[in-house]
Amino acid sequence: MTSVHIGLNVSNLKESREFYEKLFGASPSRLKEDYVKFLPKEVAINLTLNEVSSVTGNQVNHFGIQVPSKVDLLQHKERLEHVGFFAREEMDTTCCYSLQDKFWVTDPDGNEWEYFYTKQDTEIRDEDSTCCTA
């Protein structure tokens, strides 16, 4: 399987590990004193967390996980709310040239993760100026 690799700098490895365990619903595949690696079965991603002394600002726009159906989207939202996450919901929103249902959660360093389901493509970029820049 081909997957995306993201090496993410984090300021608190324990807090970030706990966040990503909940986000992916999976334990790390590798755990060291200053490093955590996730290879979740449900998401084609290789995510490594690297502890650094300081992380300032959101160094990326956002991360996202696309799901195949609204049912899947709502199951992930329910799962994450059940483990204590606040999920900011956006349903029937036009964003990045697509009509989407989505929700957002934020990791301990302020990085936003979007779970989204694309209903259809559109010719409109967004309904508001912050859509693709969460």
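The values are calculated or read from the model by the stated rules, or taken from the named source; none is laboratory data. Worth saying up front: this structure is predicted, and the values here are computed from it rather than measured. Reconstructed Cβ throughout: ideal geometry from the backbone, glycine too, with neighbour counts over all protein chains shown.
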Quiz item: Which residue, of Asp109, Asp34, is touching a helix residue (DSSP H, G or I) at 6+ places or on another chain (Cβ under 9 Å) and in the same structural domain as His5 (by TED's automatic domain parsing)?
Solution: Asp34
Self-check item: Ser54 vs. criteria part of a loop (DSSP other than H, G, I, E, B), among the hydroxyl-bearing types (Ser, Thr, Tyr) and within 17 Å of Asn111 (Cβ to Cβ)
Solution: yes
Quiz item: Can you pull out the residues in segment 57-90 that are assigned to a strand (DSSP E or B) and touching a residue at least 40 places away in the same chain (Cβ under 8 Å)?
Solution: Phe63, Gly64, Ile65, Gln66
Quiz item: Which one is modelled with the lowest pLDDT, of the residues in segment 8-38 that are assigned to a loop (DSSP other than H, G, I, E, B) and either in contact with a strand residue (DSSP E or B) (Cβ under 6 Å, 6 or more places away or on another chain) or among the aromatic types (Phe, Trp, Tyr) (or both)?
Solution: Asp34
Quiz prompt | Search result, residues across segment 1-22 that are closer than 14 Å to Phe63 by Cβ, of a type in the set (A, V, I, L, M, F, W, C) and either surrounded by 11 or more Cβ atoms within 10 Å (Cβ to Cβ) or touching a residue at least 60 places away in the same chain (Cβ under 8 Å) (or both) | solution = Ile6, Leu8, Val10, Phe19
Quiz item: Are any of the residues in segment 114-129 in contact (Cβ under 8 Å) with a residue 60 or more places away in the chain, surrounded by fewer than 14 Cβ atoms within 10 Å (Cβ to Cβ) and not polar (S, T, N, Q)?
Solution: no
Exercise. For segment 91-107, indicate whether the set of residues that are aliphatic (A, V, I, L, M) and outside any strand (DSSP E or B) is non-empty.
Key: no
Quiz item: Is it the case that Ser16 is under 24 Å from Val83 (Cα atoms) and among the small types (Gly, Ala, Ser)?
Solution: yes
Quiz item: Filtering segment 41-94 down to residues that are crowded, with 17+ Cβ neighbours inside 10 Å and aromatic (Phe, Trp, Tyr), which residue is farthest from Asn9 (Cα to Cα)?
Solution: Phe85
